[in-house]
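Worksheet for the structure shown next.
The values are calculated or read from the model by the stated rules, or taken from the named source; none is laboratory data. Predicted model only: the values in this text are computed from it and were never measured. Counting neighbours? That spans all protein chains shown, and the Cβs are built from the backbone with ideal geometry, glycine included. Just the protein is used for accessible areas: all its heavy atoms, side chains included, with ligands, DNA and RNA removed. Shrake-Rupley method; radii C 1.70, N 1.55, O 1.52, S 1.80 Å.
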Amino acid sequence: MSDTTLIIDHNEPQGRFQTRVDGHACVLDYQLRDNTMIIQHTGVPSAVGGRGIAAALTRHALDTARQRGWRVLPLCSYAVAYIARHPDYQDLVA
């Protein structure tokens, strides 16, 4: 699944990036503290897992952080692994 087929919404009041795939809610939750995005959780139901949805949510969150000048503190194990696999986001890590 490519990013172009997903519509990812940034729900700022809830600190969440979200999309729906085949009726399932997929999310990346964060808190913003002093211009640092603290990524807490990435959730993709197993029914729609393995399609690159978590990667798309994480990429979208990291790109948003870069555009807004935020640092990133990944507490979610998926986000930690994603950044390790994509060193071009390393400069964002707080």
Notebook entry, point to check: What percent do you get for the relative contact order of the range 14-58 when only Cα pairs under 8 Å and 6+ apart count?
Noted result: 34
Note to self: For the ranges 56-62, 36-42, 7-13, what's the packing order if you count other beta-carbon atoms within 10 Å of each residue, average per peptide, and put the highest first?
What the structure shows: 56-62, 36-42, 7-13
Checklist line | the chain - percent of accessible surface contributed by carbon and sulfur, probe 1.4 Å | finding: 49
Item checked: Accessible area of Arg71 in the full protein assembly, 1.4 Å probe (Å², nearest 10) -> 100
Checklist line | Within the chain, percent of DSSP bridges classed antiparallel, to nearest 5 | finding: 75
Item checked: In Hz, Karplus ³J(HN,Hα) per residue of the range 6-15 (6.51, -1.76, 1.60; θ = phi - 60°; x = Gly, Pro) -> 9, 9, 9, 9, 9, 8, 4, x, 9, x
Checklist line | Estimated [θ] at 222 nm from DSSP helical runs (n ≥ 4, -39500 (n - 2.57)) normalised by residues in the chain, nearest 500 | finding: -8500 deg cm²/dmol
Checklist line | Highest average packing first - 18-24, 73-79, Cβ atoms within 10 Å | finding: 73-79, 18-24
